[in-house]
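One structure is given below, encoded as C-alpha cells.
The values are calculated or read from the model by the stated rules, or taken from the named source; none is laboratory data. All figures in this text were calculated on a predicted structure; none of them were measured in a lab. We place every Cβ from the backbone using ideal geometry, glycine too, and count neighbours over all the protein chains shown.
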Amino acid sequence: MLTAQELIKNEANNIIEEFKQLNYVNSEDVLNDYNNDLDNFKNLPERFAFKRKNSDGHEKLSDMLIEGYNSLKSVIKKQYKKEFFKNVEKRCPFCGQLLETSGKADSDVPTADLDHFFPKRDYPQFALYPPNLIPTCMECNRIEKHIANITPKDFKLALEELNLLKDFQNHPNSHFKIYSSLSFDCNNKLFIKTNNMYVKKLIELYGLEERYNNIKNNSFNILWNMICNFDIQSPESLEKFLENMTKSNWHEINDGYSLNNSPQVWQEFIENILYDECKLTALWDEVKQLNLY
C-alpha cells in the first residue's frame, strides 16, 4: 500500500505530465524552475525561482497544481494526517494546541486542517509537495498569512534561532514543533520572549503572540475553577497544589478544565505565581475568602 506522501507525489507527477502535453514555448524553463525549487526547498534559499508572473506557462502550471491540491481526495488527506501523527502527541506544530480526536483509538485522525507551510497561493509549486504540507489547528490554518513580507531565508534564520531547521528539513518524516522552542514571560507585555527579528516575523505570521496572551489571560479563571474543587486549608497546601500543577498533563486531568493548548504556557503561568511570594500570598488571601463562605 502506498503512503500518503507517495500518493500526493503521484498526483503532482500526473499534473506535470499533463502540462508537458500542452507544449508551451517555454515549457522547459517552467519545469526547470519547478524542479529547481523542489530540489532547494529544504535549503530555504534567499528566493525561489518559480513565480506565477514569470510567464503564461508558469501561470498555467500554477493553476493546475493548485487545482490538483483542491481536488485531492479527502481519503488521501486523512491518510496523510494519520501517518503524520502516528505514535506522537497530536498537537498543532505551530501553537501547540491539542488536536481533538474521538478517543476511540490511538490511531484516530485528529481534527486538523492540512495547511501549507508556504501558502499555495504565493508558492503554487509546493501545492502538492509533501514536505510543504503540515496538519495544523484550524486557528493556525485560517489566519491570513502575509507571506510576501517573509522570504524563505527569513524562515531559515528563524528556524535556526529556534534550533528547528534540521527537524524542518526532515519533515514530514520527523516533527518540528515551533511551540516547544518558544520561551514565555508572564510579567512581560510581549509574552513570547525573543529579540530575534526573524523569530518575531514567524510569530507574527501565525498570530501566536495574541493567541498565547489570550491563553495567559484565561489561565487564572481555569486555575480558580480548579482551586474551588480542592480542599486547600493552608498556604502550604496551596503551594503543594501549585507544585503538582506544574508536573501534570493538563489535558488529561479533567476534560472540564481542558486547556487544549501548549503546556508551556500553563507551566509558565503557574510558576510565575508559585515562585513570587507576593503573588502567592495574594492568591492565598483569595482562597481564605473562598473558605469563609
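Could you please let me know if PHE176 is touching a residue at least 24 places away in the same chain (Cβ under 8 Å), within 13 Å of the chain's Cα centre (by Cα) and part of a loop (DSSP other than H, G, I, E, B)? Yes: the conditions hold for PHE176. Whenever a residue of segment 131-151 is under 12 Å from ALA112 (Cβ atoms) and modelled with pLDDT of 80 or more, its partners that are crowded, with 18+ Cβ neighbours inside 10 Å and of a type in the set (Val, Ile, Thr), lying with C-beta atoms within less than 8 angstrom and at least six residues away or across chains, give the pairs LEU133/ILE8.
Out of ILE222, ILE232, report the one residue that is part of a loop (DSSP other than H, G, I, E, B), without any contact (Cβ under 8 Å) to a residue 60 or more places away in the chain and surrounded by 14 or more Cβ atoms within 10 Å (Cβ to Cβ). Let's see the steps before the verdict.
Details: ILE222 fails: part of a loop (DSSP other than H, G, I, E, B).
Every option except ILE232 fails the conditions.
Looking across segment 39-61 at every residue that is crowded, with 17+ Cβ neighbours inside 10 Å and aliphatic (A, V, I, L, M), the one that is nearest to PRO130 (Cα to Cα) is identified as LEU44.
In segment 184-207 there is at least one residue matching the filter, namely being of a type in the set (Lys, Arg), surrounded by fewer than 18 Cβ atoms within 10 Å (Cβ to Cβ) and in a loop (DSSP other than H, G, I, E, B).
Residue by residue, here is whether (1) surrounded by 15 or more Cβ atoms within 10 Å (Cβ to Cβ); (2) among the aliphatic types (A, V, I, L, M); (3) touching a strand residue (DSSP E or B) at 6+ places or on another chain (Cβ under 8 Å) holds:
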residue: MET64; (1), (2), (3): yes, yes, no
residue: ARG91; (1), (2), (3): yes, no, yes
residue: LEU114; (1), (2), (3): yes, yes, yes
residue: ASP122; (1), (2), (3): yes, no, no
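In the condition set (1) assigned to a helix (DSSP H, G or I); (2) crowded, with 17+ Cβ neighbours inside 10 Å; (3) in the same structural domain as ILE76 (by TED's automatic domain parsing), LEU159 is compliant with all but (3). One residue stands out in segment 189-225 among those that are touching a Lys or Arg at 6+ places or on another chain (Cβ under 7 Å) and within 18 Å of GLN264 (Cβ to Cβ): the one that is modelled with the lowest pLDDT, namely PHE191. Counting only residues that are more than 28 Å from the chain's Cα centre (by Cα) and part of a helix (DSSP H, G or I), segment 14-63 holds 22 of them. For segment 66-89, the candidate set comprises residues that are aliphatic (A, V, I, L, M) and touching a residue at least 24 places away in the same chain (Cβ under 8 Å); within that set, the residue that is surrounded by the fewest Cβ atoms within 10 Å (Cβ to Cβ) is VAL88.
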